[in-house]
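S.K.: Structure provided below as structure tokens; questions to follow.
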Amino acid sequence: MDRLVRAPVLLAEAVSLGITVEDLVAASAEVQGPAVEVPTVAEDVDVIDKAIGGRTAETYRAYWRLLVVRYGVRPRWAVHSPFSGRKAERSTINF
């Protein structure tokens, strides 16, 4: 099964068990082997910009720059959309 398919399934299962991402990170410290690096927002935006390219990228580039300025160093999982159905917490990003 593809990792992009498995990740939301795993996250949904963890949420149903009351396990947070922080719990998983803490538990992973006990597991031997290298920690998985989560791309930052800035790294993701760079990949998206290169993948899309052309006039479409030109259209969105101003918005992406704002996103990078505000959230660039954060890992992608730390940014939640107000349209995702999740209630933003004070410790996360306020839109």
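S.K.: Do the conditions hold for ALA35, that is, is it touching a His at 6+ places or on another chain (Cβ under 8 Å), of a type outside the set (Lys, Arg), modelled with pLDDT under 90 and not in a helix (DSSP H, G or I)?
M.R.: Working: touching a His at 6+ places or on another chain (Cβ under 8 Å): no; of a type outside the set (Lys, Arg): yes; modelled with pLDDT under 90: yes; not in a helix (DSSP H, G or I): yes.
Here the answer is no, as ALA35 does not meet what is asked.
S.K.: Oh, and also: Could you please let me know if ILE19 is assigned to a helix (DSSP H, G or I), of a type in the set (Val, Ile, Thr) and at pLDDT 80 or above? Please lay out each step first, then the result.
M.R.: On the way: assigned to a helix (DSSP H, G or I): no; of a type in the set (Val, Ile, Thr): yes; at pLDDT 80 or above: yes.
It is false that ILE19 is assigned to a helix (DSSP H, G or I), of a type in the set (Val, Ile, Thr) and at pLDDT 80 or above.
S.K.: Checking ARG55 against (1) modelled with pLDDT of 90 or more; (2) touching a helix residue (DSSP H, G or I) at 6+ places or on another chain (Cβ under 7 Å): exactly one of these is not met. Which one?
M.R.: (2)
Yes/no matrix, rows are residues, columns are (1) of a type in the set (Val, Ile, Thr); (2) surrounded by 10 or more Cβ atoms within 10 Å (Cβ to Cβ); (3) without any contact (Cβ under 8 Å) to a residue 12 or more places away in the chain; (4) at negative phi:
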site: ARG6; (1), (2), (3), (4): no, yes, yes, yes
site: LEU11; (1), (2), (3), (4): no, yes, yes, yes
site: VAL68; (1), (2), (3), (4): yes, yes, no, yes
site: TYR71; (1), (2), (3), (4): no, yes, no, yes
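The values are calculated or read from the model by the stated rules, or taken from the named source; none is laboratory data. The structure displayed is predicted, hence computed values, not measured ones. All Cβ positions, even for glycine, are placed from backbone atoms using ideal geometry, and neighbour counts span all protein chains on display.
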